[in-house]
Each structure stands twice: as C-alpha cells, then as structure tokens.
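The values are calculated or read from the model by the stated rules, or taken from the named source; none is laboratory data. Predicted model only: the values in this text are computed from it and were never measured. Every residue, glycine among them, receives a Cβ derived from its backbone with ideal geometry; neighbour counts consider all protein chains shown.
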Amino acid sequence: MPLVDAAPLIVARDMGFAAQERLDLVLHRAGNWSMLRDLLDLGRVQAAHMLSPMPVARALGLGGAGPGVETLMVLSMNGQVVGVSPDLARDMRAAGPDLGFGDAVATSQALRSARPDGLRLGVPFPFSMHAELLGYWLGPQVTLATVPPPDMAAAIGAGDIEAFCVGEPWGSQAVELGAAELILPGAAIWSQAPEKVLAVRAGWAEENADLTGRLMRAVWRAGQWLSLPQNAPLASEILSEPDRLGVDPEIIDRALTGQLLTRRGGELIRAPALLEFHHGAANFPWRSQAAWIAGRMARRFGLDLRRAAEAAQAIWRSDLYRQHLADLAILPAASSKLEGACPVPQAVGATRASLILSENRFFDGLIFDPSADN
C-alpha cells in the first residue's frame, strides 16, 4: 500500500538489499487493504506488506473465509497520526487549553467535550492497528468508517468523517491541503504498537525456506538502513516517485524524521517515536503483540479470550524469525513479554551482545500480561 511504512520493501529493492540476496523483488501497489489481502489469498503475490491485525483476524475466523496467514516479522512500529477537521479542532480549542501533541488523556477529554454525542472517525480497514488503538483510547462512543489511506483528506473535506487515524504521509498530506489538523501520534496511545508486518500464506515459509530467509534478510537490512538519520533524504526521494507514494518528498521526510506540521501554516514540532523500522528489536514478532491484538478482537466479537490468544500467537512466527535472522539480528531470549511494562529503554536477555528494548507503555498505564486472561 502507498504508505511511508512500505519503505522496507521499496528500499530493499531500490537500494540493492534484495539483489544481495539474489532476489528480484517485484512490488505490486494495491488500491486498498481488501485488494492487498485478495492478492495474497489468490497467490498473485507471495508475501505482503500487511496491517498487523489482519493475520490475527484471519486466525480468529473474522472478516470472511480464506487461507491462513502468518506473520514473519514486523516491518514497522507506530507511524499513525490522529487528525480532525478544522471545525472540530476549533471546537476542541474552545473547550480547553492548547493540548500540545502527545497527551492522550487530555486530548480524549477535549474530543469528548467538543463532541459529547459521539464522533465518526475514518480508519483504513476494520482490522487495523488504527481501529484497535482508537477503540482502546476512546471506547465505544466512536463510530469507525473505512476509508483508504490516500482518500482521508477528501473524506474529511466532504464531511463523511470528522476525524481519522491513518498512517503517514496521508495525515500530513491532509494538513498540507488544509483539510485537517493533527492532534495526536499513535505512539501516544501505545508507544510500541506493531503497525505493519511481512505476511505470507500459512505453510508457504516452510515450503520455501531458502526464499523466505533471503526475503527476510533483505527486508531486515532495509529497515536497518532506514533507521540511520542520514539516509532520510534519499529515502524520501525514493518513496516520492509516482509509482510509489506520489507525494512531495518533503512531506514524506516529516514522517521519517519525526518532525511534523500539525496545522497548515504552523511550525514543525518533534514527535518522538513517531515511526520505527529497526531500533529496539522493532522487527521481532513478539507473540505478546499478537495476544494483545487478539484480546481486543475477542472482546469486540464475543470470542473466548484464551483460545483467541493461542490462535493468534501460533501464526506470529517468532520461530522463523530466529531461524532465518540468527546470523544478523540480536535476538531476545524470550518470544513474549509484558506489554506496557517498559516506561524507559531497558536491557533484556539476548542471544549475543546486549539488546535494549525501546520504551513500551500504554497511555493509561496498563500492563498486558499475555499469560493471563486479560
């Protein structure tokens, strides 16, 4: 999908990381997430840049029938922004003081004050981290509408929605067009939310073990390259091409550097942990991440919590990550952890050297234990 977080796949091809692994990486641009899912289901593509909850939804039998889907690795953490119409932004300011751009509690209170009867928000897909974060943050009083990421500015301008949660660059593009103001980064709700994953049909990775390893190594190296600040200008130029994102490289650069313009004519502000491709074991598919996603879905659809968590963790293939990236990545000793229990960067047990995990916290201080019935 045309999003900044597709960068690991695009960079893997354009910067030669795929070629180093003897891969001819052919990329297909999808118009929406349903189309992307169908391309994988029908075997038109062998692997996909996918919303992290999509494989979990399939494992839980949600969203229609189809072959099983497995997560090989996390491609990106965070990267979402919440934006509102100019009218709603004005009403929020009238209801209270300037909120800044990182206080999830104060921002939710301002939203409720400005729209006490509820709010209609756009999300890219029903089974998305955007939907899970909004439901967790704002509760059931919001109505979610599905809008493809590039169409968010048009949808909010037409009044179909009054707010959105979307991956960059489409939040910044809406600001550039004067259609929206950004009020919160997704990282302020959960600072280590797995946003996109590298997904394949169930069984494909074992049937194509050598190819799987080469693909994962190429993508991992691309994420490492993207994590270096000096590479952001070139990455922005690569992603801006018409057959990629087709957006001004300056707008893409905002997401890559964490320097956002929250309102048209305003000043750039720093948004820490806005988007991460590599640092802090960002690519490792922690099974606790799958359990958290499954728990949210299980509550919403009335499923058994423990069975949902077990099904989700089974398709979150940390075992294959260990198998194929043992010679490249520093691997954590465990494949699951307490989510939200790391208020500051923390050293953890690893296979070699030292591994520092990034801050991992929820806006409300919750600690999620994947071994408990949450």
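Quick notes
- Test: residue in the stretch 2-12 that is touching a residue at least 24 places away in the same chain (Cβ under 8 Å) and surrounded by fewer than 19 Cβ atoms within 10 Å (Cβ to Cβ): no
- Applying the set (1) touching a strand residue (DSSP E or B) at 6+ places or on another chain (Cβ under 7 Å); (2) touching a residue at least 24 places away in the same chain (Cβ under 8 Å) to R270 leaves exactly one unmet item: (2).
- Every residue from the stretch 292-311 that is under 16 Å from the mean Cα position of the chain (by Cα), farther than 21 Å from A6 by Cβ and of a type in the set (A, V, I, L, M): A294
- The lone exception for A154 - which of (1) out of contact with any helix residue (DSSP H, G or I) (no Cβ under 6 Å at 6 or more places or on another chain); (2) over 17 Å from T107 (Cβ atoms); (3) in contact (Cβ under 8 Å) with a residue 40 or more places away in the chain it fails: (3)
- Residue among L40, L72, L62 that alone is assigned to a strand (DSSP E or B) and hydrophobic (A, V, I, L, M, F, W, C): L72
- Whichever residue in the stretch 39-77 is among the charged types (D, E, K, R) and over 20 Å from the mean Cα position of the chain (by Cα) and, among such residues, is surrounded by the most Cβ atoms within 10 Å (Cβ to Cβ): D41
- Residue selected from the stretch 212-257 under the condition part of a helix (DSSP H, G or I) and free of Cβ contacts under 8 Å to residues at least 12 places away in the same chain, by the criterion surrounded by the most Cβ atoms within 10 Å (Cβ to Cβ): N231
- When the stretch 1-34 is filtered for residues that are part of a helix (DSSP H, G or I) and either among the hydroxyl-bearing types (S, T, Y) or modelled with pLDDT under 95 (or both), only S34 remains.
- Looking only at the stretch 93-128, residues that are in a helix (DSSP H, G or I) and either closer than 26 Å to Q259 by Cβ or charged (D, E, K, R) (or both) come to 9 in all.
- Residues of the stretch 78-91 classified as crowded, with 19+ Cβ neighbours inside 10 Å and touching a Lys or Arg at 6+ places or on another chain (Cβ under 9 Å), total: 3
- Members of the stretch 113-132 found to be surrounded by 15 or more Cβ atoms within 10 Å (Cβ to Cβ) and either free of Cβ contacts under 8 Å to residues at least 40 places away in the same chain or under 20 Å from R299 (Cβ atoms) (or both), listed by number: A114, L121, V123, F125, P126, F127, S128, M129, H130, A131, E132
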